[in-house]
Every structure is written in structure tokens, then in C-alpha cells.
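To keep things clear, I will list the structure first and then write my remarks on it.
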Amino acid sequence: MNSWKDVQKGWGVWGPKFPVIDAHNHLWGDWTQCRGIEKVMDASGVVLYCDLTANISIAWAGGGYEFQTGDITEFFRHSSERFYAFTAATFSRSKTLPLFSDAAQFQEETIRLMREHAALGAKGLKILKELGLHYRDDSGNLIFMDDDRLAPIWEEAADLDIPVLIHQSDPFWFFEPVTPENEHYESLKKYPAWSFADRKRYPGKMELLERRDRTVKNHPRTRFILPHVANYAENLDYVSRLLDDNPNVSIDFSARMDEIGRNPQETRSFMVQHQDRIIFGTDMPVSEEVYRAYYRFLETRDEPIVPPDYDGTFERYRWKITGLELPDEVLKKIYHQNILDLIPSLREPFAKLLEFSGFSQEQQNKAD
């Protein structure tokens with residue numbers, strides 16, 4: 001890992017000003033990429049990287065993906081101290097199969113896996129968007145987040161003192177007809193499985209969010225991380241009320257830089273107001289260009305900035321965005337302090353990596 005001066009050399013304000021934890025990303029069972037990712041992390045000031053789906057592997061096909069359950073012990077065998085893991089537990093099964101037929105047995109199996117994986121070192125529980133959109137019981141009924149049969153699982157997360165990062169819904173236009181008038185028309189043409197406009201197959205966006213919000217309110221002991229600006233980046237007033245009403249909720253803004261970057265004044269006020277509840281993550285294939293785009297967005301008032309697309313490329317964009325120039329105290333919280341507060345067991349490895357990396361004492365103090 002390079003020294004902080006080496007990392008910042010020649011970057012100017014392209015940052016980062018403070019050490020970074022990428023708290024939302026995926027390896028998808030491909031451990032061969034770890035060494036390459038570490039090189040990008042070294043060059044980009046990223047100290048730790050979270051693999052949210054450490055017991056899932058995926059295969060891309062037909063404009064979407066299919067996943068299958070993997071072995072989380074392989075993550076711990078192949079990754080380095082630069083990586084930490086969440087588990088998807090039993091929510092790692094193929095979306096083409098019933099999630100369960102016996103709810104009590106499913107609860108028991110899920111809780112057992114959560115305990116086993118937490119004992120191995122998993123830092124949280126990750127629930128993919130298949131819950132509410134694809135997963136069904138053996139009677140063919142969609143299973144939603146607020147299903148009473150899942151309630152013991154959210155309570156177990158509280159007992160284990162691990163956060164639940166749960167993806168519900170998607171951008172607003174993913175639920176609208178795929179026409180040239182759709183803001184995400186090009187993305188939905190490239191990835192047709194991302195469209196949930198068919199109301200005969202999928203619930204509406206607001207139904208998913210209302211069920212999610214009901215769940216986080218009904219489980220106040222459980223700490224929830226709601227990614228992608230709580231999946232309503234188009235409506236920061238809604239997200240602000242959600243945070244105000246639920247002290248057990250944090251958010252990240254992974255893969256939503258473009259959505260929030262087109263309203264920079266509103267976004268800056270929102271991030272300053274909720275600075276203790278926002279976590280950094282990218283949810284994109286890592287590259288120096290992606291990380292630097294995030295730092296430039298957070299640290300400068302530059303305009304125009306071309307944001308990366310959801311797949312981490314810069315091949316197309318819907319609009320250009322404007323930088324936020326957040327205060328240093330807010331940047332520090334977003335870059336690493338908030339996730340360290342949420343998962344205190346990360347503090348020791350984070351501090352050791354800073355020391356090992358050759359960060360100056362001044363920079364280490366700034367990271368505290």
C-alpha cells in the first residue's frame with residue numbers, strides 16, 4: 001500500500017482528502033480479481049473494501065444475471081486483510097426457485113447461517129433486490145420485506161449486532177415503460193432484466209419502499225443500511241424524512257452519483273444535514289477513474305463532471321453533474337468514520353492498515 005503522499009501525488013483536488021472505505025461492492029466469488037483491486041485501492045486511497053455478497057457467485061446472461069450460493073469460507077481463504085465481508089445467508093438462492101416451502105425451517109436455517117458466518121468474521125447481512133421482486137414461496141406468492149415470516153431474521157441481526165444492508169426497489173424509471181422518453185432507456189436496452197415495468201409480474205416502486213419503511217420502523221433494534229440513497233435518490237425530501245423518523249437507518253449513495261449530482265445545492269444541504277448517516281460506496285467494478293470521479297464530485301465544485309454509468313464505464317451518461325465541495329468534517333465521516341461507527345470491529349484493521357501504509361502521523365490523526 002502506497003504512502004498517502006504517493007497516493008495524492010499529481011492529483012490536485014481529485015482527492016481523496018481522507019482515507020476511504022468502499023463499503024458497498026462485490027467480488028461475486030471471483031477471488032482472482034483481488035490483487036488487481038488492491039492495486040487500484042493503493043492508487044486511489046481506498047483502505048478497505050467490502051464484499052457484500054461473499055457467499056454468492058454470479059453468471060451474466062440475457063441482459064441480466066443469475067446467481068448461486070457459494071462458500072463464504074472461500075472469501076476468508078483467498079482475500080487479504082484489505083477486504084471484509086457481508087453474508088447473504090440463505091438469500092443467495094436462485095431467483096428461479098422458491099425461497100422456501102417451510103417458513104419455520106427457513107428461519108432456522110437462515111439464523112444458523114447468520115450465526116456461523118458472523119463467527120467466521122462476516123460483518124453484516126446483505127439482502128439483494130430479488131426479495132420483493134423475484135423471490136416467491138412454494139405457493140407462488142411474492143415474498144416481501146415486511147412478511148411476518150422474515151421478522152425473526154431481522155431481530156436476529158439485532159441480537160448479533162450486525163447491520164442489514166437491504167436493497168429494495170431501483171431507480172424510478174426502471175419501473176416505467178422502456179421507451180425513448182425513459183431517462184434510462186439506453187441502460188434498459190443494454191440490460192433488459194433491469195426493467196420492472198410489467199405490473200403483472202412486478203410490484204410498483206412505492207409499494208416496495210412502503211413495505212421496507214414499515215419494516216425498519218417495526219424493528220428499531222436492528223440497524224439497517226439502505227443503499228443507493230435508500231433507492232429514492234430522485235426524492236431527497238422523502239429520504240430525509242425516512243432518516244429523521246428512523247434513527248436505526250443509514251444510507252449509502254453507491255451508483256447514484258448521477259441522480260444526486262444534477263441537484264447539487266439540494267444534495268449538499270442533504271449531506272450536511274445527515275452527515276452522520278451517510279456511507280461511502282461505489283457498487284461498480286473498481287477503477288482509478290471511478291474512484292476519482294467520486295472524489296471530484298464530493299470534494300470540488302467542478303462542472304461539468306461526467307459520472308460513471310452503473311456498470312462502471314464512461315461509455316454513456318444521461319447528464320453531466322456538478323461537484324458538492326463538502327466540508328472536511330463531512331467528508332471524513334462519509335469516507336470512513338460512519339462505517340467504522342456502524343461496525344466498530346473494523347476500527348482495528350483500519351488503523352493497522354493506515355500505520356502499515358506509511359501514512360504520516362498527521363494523516364493518521366486526521367483519520368481518527
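Condition first: crowded, with 22+ Cβ neighbours inside 10 Å and either touching a residue at least 60 places away in the same chain (Cβ under 8 Å) or in a loop (DSSP other than H, G, I, E, B) (or both). Now tell me which residues in region 241-253 satisfy that.
250, 252, 253
Filter region 264-291 down to residues that are touching a residue at least 40 places away in the same chain (Cβ under 8 Å), out of contact with any Lys or Arg (no Cβ under 7 Å at 6 or more places or on another chain), surrounded by fewer than 18 Cβ atoms within 10 Å (Cβ to Cβ) and under 23 Å from residue 52 (Cβ atoms), then give me how many there are.
Residues flagged as touching a residue at least 40 places away in the same chain (Cβ under 8 Å), out of contact with any Lys or Arg (no Cβ under 7 Å at 6 or more places or on another chain), surrounded by fewer than 18 Cβ atoms within 10 Å (Cβ to Cβ) and under 23 Å from residue 52 (Cβ atoms) within region 264-291 amount to 1.
Give me the residue from region 314-343 that is of a type in the set (Lys, Arg) and crowded, with 19+ Cβ neighbours inside 10 Å and, out of that set, farthest from the chain's Cα centre (by Cα).
Step one: list which residues in region 314-343 are of a type in the set (Lys, Arg), which gives 316, 318, 320, 332-333.
Pick out the ones that are also crowded, with 19+ Cβ neighbours inside 10 Å and you get 332-333.
Working: 332: 18, 333: 16 Å.
Checked region 314-343; the qualifying residue farthest from the chain's Cα centre (by Cα) is 332.
Given the conditions (1) in a helix (DSSP H, G or I); (2) over 29 Å from residue 34 (Cα atoms); (3) modelled with pLDDT of 95 or more, and given that residue 362 satisfies all but one, which numbered condition is not satisfied?
Going through (1) in a helix (DSSP H, G or I); (2) over 29 Å from residue 34 (Cα atoms); (3) modelled with pLDDT of 95 or more one by one, residue 362 breaks only (3).
Scan 239, 306 and give me the residue that is over 24 Å from residue 204 (Cβ atoms) and β-branched (Val, Ile, Thr).
Values: 239 fails: over 24 Å from residue 204 (Cβ atoms).
306 is the lone residue from the list that is over 24 Å from residue 204 (Cβ atoms) and β-branched (Val, Ile, Thr).
Counting just the residues of region 201-240 that are under 19 Å from residue 343 (Cβ atoms), in contact (Cβ under 8 Å) with a residue 40 or more places away in the chain and β-branched (Val, Ile, Thr), which one comes out surrounded by the fewest Cβ atoms within 10 Å (Cβ to Cβ)?
222
Inspect all residues belonging to region 319-334 and state whether any of them is under 23 Å from residue 182 (Cβ atoms) and either modelled with pLDDT under 95 or of a type in the set (Lys, Arg) (or both). Lay out the reasoning, then the answer.
Quick first cut of region 319-334, residues under 23 Å from residue 182 (Cβ atoms) only: 319-321.
The next check asks that each one be either modelled with pLDDT under 95 or of a type in the set (Lys, Arg) (or both); those that pass are 319-320.
Yes, there is a match, as at least one residue in region 319-334 is under 23 Å from residue 182 (Cβ atoms) and either modelled with pLDDT under 95 or of a type in the set (Lys, Arg) (or both).
Out of the residues in region 96-113 that are touching a helix residue (DSSP H, G or I) at 6+ places or on another chain (Cβ under 6 Å) and either not hydrophobic (A, V, I, L, M, F, W, C) or not in a helix (DSSP H, G or I) (or both), which is farthest from residue 124 (Cα to Cα)? Walk me through how you get there before you give the answer.
Let us first name the residues in region 96-113 that are touching a helix residue (DSSP H, G or I) at 6+ places or on another chain (Cβ under 6 Å), namely 100, 103, 107, 110-111.
Filter once more, keeping what is either not hydrophobic (A, V, I, L, M, F, W, C) or not in a helix (DSSP H, G or I) (or both): 100, 107, 110.
On the way: 100: 22, 107: 17, 110: 13 Å.
Filtering first and then ranking leaves 100.
Return a yes/no flag: does region 63-79 have any residue that is touching a strand residue (DSSP E or B) at 6+ places or on another chain (Cβ under 9 Å) and free of Cβ contacts under 8 Å to residues at least 12 places away in the same chain. Give the steps one after another, and end with the answer.
Of the residues in region 63-79, the ones touching a strand residue (DSSP E or B) at 6+ places or on another chain (Cβ under 9 Å) are 65-70, 72, 75-76, 79.
Checking the rest, the ones that are also free of Cβ contacts under 8 Å to residues at least 12 places away in the same chain come to none.
Checked region 63-79: no residue is touching a strand residue (DSSP E or B) at 6+ places or on another chain (Cβ under 9 Å) and free of Cβ contacts under 8 Å to residues at least 12 places away in the same chain.
Quick check on this structure: which one of 176, 181 is loosely packed, with under 14 Cβ neighbours inside 10 Å, out of contact with any Gly (no Cβ under 8 Å at 6 or more places or on another chain) and closer than 20 Å to residue 258 by Cα?
Within the list 176, 181, the selection yields 181.
Within region 57-95, can you find the residues that are surrounded by 16 or more Cβ atoms within 10 Å (Cβ to Cβ), outside any loop (DSSP other than H, G, I, E, B) and modelled with pLDDT under 95?
Scanning region 57-95 gives 57, 58, 67, 69.
Please list, ordered by first then second residue, the pairs with beta carbon atoms under 9 Å, 6 or more apart or interchain, first in region 167-184 and within 20 Å of residue 135 (Cα to Cα) and in contact (Cβ under 8 Å) with a residue 40 or more places away in the chain, second surrounded by fewer than 17 Cβ atoms within 10 Å (Cβ to Cβ) and of a type in the set (A, V, I, L, M).
These pairs meet every condition: 169/206.
Would you check which residues across region 140-178 are within 20 Å of residue 100 (Cα to Cα) and in a helix (DSSP H, G or I) and list them?
148, 149, 150, 151, 152, 153, 154, 155, 156, 157
The values are calculated or read from the model by the stated rules, or taken from the named source; none is laboratory data. Not measured: the values here are computed from a predicted model. Reconstructed Cβ throughout: ideal geometry from the backbone, glycine too, with neighbour counts over all protein chains shown.
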